[in-house]
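The values are calculated or read from the model by the stated rules, or taken from the named source; none is laboratory data. Because the structure is predicted, anything quoted here is derived from the model rather than measured. All Cβ positions, even for glycine, are placed from backbone atoms using ideal geometry, and neighbour counts span all protein chains on display.
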Amino acid sequence: MSRWSKDFRCIESLLAVFQRYAGRDGDSATLSKREFLTFMNTELASFSKNQKDPAVLDRMMKQLDTNCDGQLDFAEFLNLIGGMAQACHVSLAVQGPPKPQQNPKKP
Ligand SMILES: [Ca+2]
């Protein structure tokens, strides 16, 4: 059983995803550029494939790498997640919240 409450499972999931990609090569505490590209092309494939400019992921890596060491640590990775959360928040503000799923009618 998880030590996280239901509301904080998303943190556990973020950590697990980060660790899964960061552990592929080199320092397992950071994402190399190759690991970042693998993450983006796997977990955010719909975003990555829709980019007309092939250099967009390179620019994202440079922007996220705030200490310019060529690696993304977890704090830098969270800036990506925060940016995505902000984009979703803005999108929901325009479109309205998702409609709750209806429960199937019981006979
Ligand atoms: Ca860095």
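Numbers below:
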item	result
Residue within the stretch 88-104 that is within 16 Å of the ligand (Cβ to nearest atom), out of contact with any strand residue (DSSP E or B) (no Cβ under 6 Å at 6 or more places or on another chain) and in a helix (DSSP H, G or I) present	no
Filtered residue count, the stretch 9-31, keeping only those that are outside any helix (DSSP H, G or I) and in contact with a helix residue (DSSP H, G or I) (Cβ under 7 Å, 6 or more places away or on another chain)	6
Among the residues listed as Ser48, Ser5, the single one being out of contact with any strand residue (DSSP E or B) (no Cβ under 6 Å at 6 or more places or on another chain) and loosely packed, with under 12 Cβ neighbours inside 10 Å	Ser5
The stretch 51-87: number of residues that are outside any helix (DSSP H, G or I), modelled with pLDDT under 95 and surrounded by 12 or more Cβ atoms within 10 Å (Cβ to Cβ)	1
Selection count, the stretch 51-85, where residues are under 24 Å from Gln19 (Cβ atoms), of a type outside the set (A, V, I, L, M, F, W, C) and more than 12 Å from the ligand (Cβ to nearest atom)	3
Filter pass, Arg34 being assigned to a helix (DSSP H, G or I) and modelled with pLDDT of 95 or more	yes
